[in-house]
Every structure is written in C-alpha cells, then in structure tokens.
1. Which members of the stretch 18-48 meet the condition of being among the acidic types (Asp, Glu) and either within 20 Å of LEU97 (Cβ to Cβ) or free of Cβ contacts under 8 Å to residues at least 60 places away in the same chain (or both)?
2. When you scan the stretch 99-116, do you find a residue that is under 16 Å from VAL5 (Cβ atoms) and not aliphatic (A, V, I, L, M), even just one?
3. Test each condition in (1) out of contact with any helix residue (DSSP H, G or I) (no Cβ under 8 Å at 6 or more places or on another chain); (2) at pLDDT 95 or above; (3) among the basic types (Lys, Arg) for LYS55 and report the one that comes out false.
4. What are the residues in the stretch 38-95 that are within 12 Å of the chain's Cα centre (by Cα) and part of a strand (DSSP E or B), if any?
5. Taking the criterion of being within 17 Å of TRP75 (Cβ to Cβ) and among the polar types (S, T, N, Q), would at least one residue in the stretch 112-128 satisfy it?
6. I need the full set of residues from the stretch 71-130 which are under 18 Å from GLY18 (Cα atoms), surrounded by 13 or more Cβ atoms within 10 Å (Cβ to Cβ) and aliphatic (A, V, I, L, M), in order please.
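The values are calculated or read from the model by the stated rules, or taken from the named source; none is laboratory data. Because the structure is a prediction, the values reported are computed rather than measured. Methodologically, a virtual Cβ is constructed for each residue, glycine included, from the backbone with ideal geometry; neighbour enumeration extends over all protein chains shown.
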Amino acid sequence: MAFPVDLKYIIETEEELGVSFPALFKEKMTAENGGEAITKNDNWNLYPFFDKSDKKRISRTCNHIVLETKQAREWADFPLNAIAIAGNGCGDQLILLSGNNEKLSEYIYLWHHETGDYEQAAENINELIE
C-alpha cells in the first residue's frame, strides 16, 4: 500500500546515497511512497523512501531504497552508479543511473541479475505507472 512521504525523507536519502533523484520520480514518490510499476514483461514493487515519522511507517518502509541499493551493490555486475528503485521478486531491478554530477537521470533501466546487463525500460517513472 502506497502513501505520501514527507520531502525531508527523500532529501535524507539523497544525502545518504550522494545523489539527486529526478524531479518526476520525487513527485510520484512524494504522493505515493512505493507502489507498483509495470513494464512490458513484468510487474515491479517500487522501493519506498525510509519514513521514520512513526512505527507504522517505519514498518511499511523497511525495504527502502538505501537498503535495497546497498544489498544490490553486493551482487556481481551491479552498476556502481546505479540506485535500485524496484524489484520483481526474482532478482532483477529497476534502476536509476547517475552521471558525473551525481544527478540521477529520469531514464529508468532494467538490470538483469543473471547477466549483469541493463537496458532502458522507460523514459521516466510516469511511463511505468500510467
């Protein structure tokens, strides 16, 4: 179940990961922190931003972007400049990639855990939730 998140938790995540999330992604997640996304071949669970406002929200956001990204970075061939934003339950991840300035691109990529390859899945988050 997705629910709103205070912008301060997005900012905390950006500071912890050293990146800046794209505007459309922040807008979507501010309104609905988590939820589902759909690509041509799969359904995805969006990782939420860690919301520490109360015990219920802590429990609901314990699989947050920072935790999932740190775990994914332990896997072979996970891109070092990638942030995991969703999983399909089978190891594959939807990711955002950063450039030289640590600004994450609006483009969303599908990272295949079996091969380590990734491909563009969408121009932005809105393509996956409409």
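1. GLU27, GLU32, ASP42
2. The answer is no; no qualifying residue exists.
3. (2)
4. TRP44, ASN45, LEU46, ALA82, ILE83, ALA84, ILE85, ALA86, GLY87, GLN93, LEU94, ILE95
5. The answer is yes, given that some residue of the stretch 112-128 is within 17 Å of TRP75 (Cβ to Cβ) and among the polar types (S, T, N, Q).
6. ALA72, ALA82, ILE83, ALA84, ILE85, ILE95, LEU96, LEU97, LEU104
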